[in-house]
Amino acid sequence: MSKIKKDEIKKILCIKPRGIGDIVLSTIVLENLKDYFPTAEIHYLTEEFAKLSVANNPLVAKVITFKKTDFILCIIKNVRKERYNIVFDFWSNPKTAQLTFLSGAKHRIGFGYRGRKYAYNIITDSGRGGGHSAEHNLELLKKINIPVKSKKIHFYLSEADKNKADKYFEEVFNKNDFIIGIIPSGGWASKRCNAEKWIEFCDRIYSIYKNKFLILWGPGDENDATRIYSALKPKSVLAPQTDVGEMAGLISKCNMILANDSGPMHISTALKIPTIGIFGPTDPKKHGPYSSNSDYIIKDDLHCIICDKLECPYNQECMNELSPDLLLSKIEKLLNEKN
């Protein structure tokens, strides 16, 4: 392992190209890197669509972006001209391993997955263990003895997105409304709780809290979002079409967020909004909301639970048989803790 001299480190690149939630979780490393290398610039490499995950973060000096279809030599050229001293490959897939290998950095740090060890001169164990995926990123820091003093994840809003959210809430809601944001998004079909179940959940919640629901949605969520809104009128509001930053602004104004396992769920926890994740095919102990004021629900008595399948081979019992009482108990718990 090449020895790292702290005073020689002027530029650091963090590679986490995609998965908005994955990028948000990777920000757990930032305060630790800045504390250990206080004079160094920290840059991120992400795909263009995910840039807003870190673009407004004051600890990130620059975000280099690329499109999935971009020629890899063009991406490598953009990375090499920055003359990084250290590259942390928090993704460590075949493409990012190649980028890291050809980055020109003296210190190249990544996970020792099969077929990718050639890319790094500092390698940590490939096993993910049983911890949360946010903390998995810290393994690369521990490998070079960077102290872990913070386990905070970050998401920062632009002033424009804050102002848009403020204006929207002033126009749509009353000052004393208790607003629960509903996020039916999910990267896999099996992670998406269906609209009918959402409606069942919301009807039960409203019977107790007499709240308002703000239904937040992104590309591919339109049908579910519209069905939920139509069934819950007039106690629901359908959010306008937004980008990631604008949605985050709306999330930040809610009193609570209920979400499928998704990028917006992780944004909500990074913004410190009380958040409850709805889980089935993925493991909430590894991928759940990562904050002290959040929780999750899961039907953990199913034989097929945490299957990691993109499509459910059964009837999605992990979602359809979830008890509203379980969700209500978690809501009550978070509200009691907040108060």
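The values are calculated or read from the model by the stated rules, or taken from the named source; none is laboratory data. Just so you know, these numbers come straight off a predicted model, no measurement behind them. Because the Cβ atoms are built from the backbone with ideal geometry, glycine has one as well, and the counts that use them run over all protein chains shown.
Selection of the stretch 313-331 for residues being closer than 20 Å to residue 257 by Cα and charged (D, E, K, R) yields 325, 330. Taken over the stretch 285-331, the criterion of being of a type in the set (Ser, Thr, Tyr), farther than 20 Å from residue 201 by Cα and in contact with a helix residue (DSSP H, G or I) (Cβ under 9 Å, 6 or more places away or on another chain) is satisfied by 290, 291, 292.
Condition check: surrounded by 15 or more Cβ atoms within 10 Å (Cβ to Cβ) and either within 11 Å of residue 13 (Cα to Cα) or not aromatic (Phe, Trp, Tyr) (or both). Does residue 100 satisfy that? Please lay out each step first, then the result.
Numbers: surrounded by 15 or more Cβ atoms within 10 Å (Cβ to Cβ): yes; either within 11 Å of residue 13 (Cα to Cα) or not aromatic (Phe, Trp, Tyr) (or both): yes.
The answer is yes for residue 100.
In the stretch 234-261, which residues are under 22 Å from residue 191 (Cα atoms), surrounded by fewer than 24 Cβ atoms within 10 Å (Cβ to Cβ) and in contact with a strand residue (DSSP E or B) (Cβ under 9 Å, 6 or more places away or on another chain)? Correct list: 238, 239, 256. In the stretch 156-196, how many residues are surrounded by fewer than 17 Cβ atoms within 10 Å (Cβ to Cβ) and over 30 Å from residue 306 (Cβ atoms)? Final tally of qualifying residues: 16. Just so you know, in the stretch 265-298 the residues that are over 14 Å from the mean Cα position of the chain (by Cα) and surrounded by fewer than 18 Cβ atoms within 10 Å (Cβ to Cβ) include one that is farthest from residue 334 (Cα to Cα), and it is 283.
Of all residues in the stretch 287-339, those satisfying the criterion of being acidic (Asp, Glu) and part of a loop (DSSP other than H, G, I, E, B) are 300, 301, 308, 311, 321. Residue pairs whose Cβ atoms lie under 6 Å apart, sitting 6 or more positions apart in sequence or on different chains, and linking a residue in the stretch 70-87 that is touching a residue at least 24 places away in the same chain (Cβ under 8 Å) to a partner that is in a strand (DSSP E or B) and not hydroxyl-bearing (Ser, Thr, Tyr), are 75/66; 84/11; 84/13; 85/11; 86/12; 86/107; 87/13; 87/108.
Looking at 317, 332 in this structure, which one is modelled with pLDDT of 95 or more, in the same structural domain as residue 190 (by TED's automatic domain parsing) and surrounded by fewer than 13 Cβ atoms within 10 Å (Cβ to Cβ)? First the steps, then the outcome.
Details: 317 fails: surrounded by fewer than 13 Cβ atoms within 10 Å (Cβ to Cβ).
Answer to the check: 332.
Do you know which of the residues in the stretch 90-117 that are in contact with a Ser or Thr (Cβ under 7 Å, 6 or more places away or on another chain) and among the aromatic types (Phe, Trp, Tyr) is farthest from residue 20 (Cα to Cα)? The selected residue is 113. Residues that are over 25 Å from residue 236 (Cβ atoms) and in contact with a helix residue (DSSP H, G or I) (Cβ under 7 Å, 6 or more places away or on another chain) do occur in the stretch 158-178, at least one of them.
Do we have any residue at all in the stretch 264-286 that's aromatic (Phe, Trp, Tyr) and either touching a strand residue (DSSP E or B) at 6+ places or on another chain (Cβ under 6 Å) or not assigned by TED's automatic domain parsing to the domain that holds residue 188 (or both)? Give the derivation first.
Keep residues of the stretch 264-286 that are aromatic (Phe, Trp, Tyr), which gives 279.
Cutting the leftovers down to either touching a strand residue (DSSP E or B) at 6+ places or on another chain (Cβ under 6 Å) or not assigned by TED's automatic domain parsing to the domain that holds residue 188 (or both) gives us 279.
Yes, the conditions are met somewhere in the stretch 264-286.
Just one of 25, 13 is surrounded by 14 or more Cβ atoms within 10 Å (Cβ to Cβ), within 18 Å of residue 133 (Cα to Cα), of a type outside the set (Gly, Ala, Ser) and out of contact with any Pro (no Cβ under 7 Å at 6 or more places or on another chain); which is it?
Details: 13 fails: within 18 Å of residue 133 (Cα to Cα).
Step by step, each of 25, 13 is checked, and only 25 is surrounded by 14 or more Cβ atoms within 10 Å (Cβ to Cβ), within 18 Å of residue 133 (Cα to Cα), of a type outside the set (Gly, Ala, Ser) and out of contact with any Pro (no Cβ under 7 Å at 6 or more places or on another chain).
Please determine, by comparing only the residues of the stretch 116-131 that are at pLDDT 90 or above, surrounded by 14 or more Cβ atoms within 10 Å (Cβ to Cβ) and hydroxyl-bearing (Ser, Thr, Tyr), which one is nearest to the chain's Cα centre (by Cα). Among residues in the stretch 116-131 that are at pLDDT 90 or above, surrounded by 14 or more Cβ atoms within 10 Å (Cβ to Cβ) and hydroxyl-bearing (Ser, Thr, Tyr), the one nearest to the chain's Cα centre (by Cα) is 124. In the stretch 132-149, the residue that is nearest to the chain's Cα centre (by Cα) out of those that are surrounded by 15 or more Cβ atoms within 10 Å (Cβ to Cβ) and not hydrophobic (A, V, I, L, M, F, W, C) is 133. Answer yes if at least one residue in the stretch 103-125 is touching a residue at least 24 places away in the same chain (Cβ under 8 Å), in contact with a Lys or Arg (Cβ under 9 Å, 6 or more places away or on another chain), among the small types (Gly, Ala, Ser) and within 21 Å of residue 263 (Cα to Cα), and no otherwise. No.
Residue 170 meets the conditions (1) touching a residue at least 12 places away in the same chain (Cβ under 8 Å); (2) of a type in the set (Asp, Glu); (3) over 23 Å from residue 19 (Cβ atoms) in every case but one. The failed one is (1).
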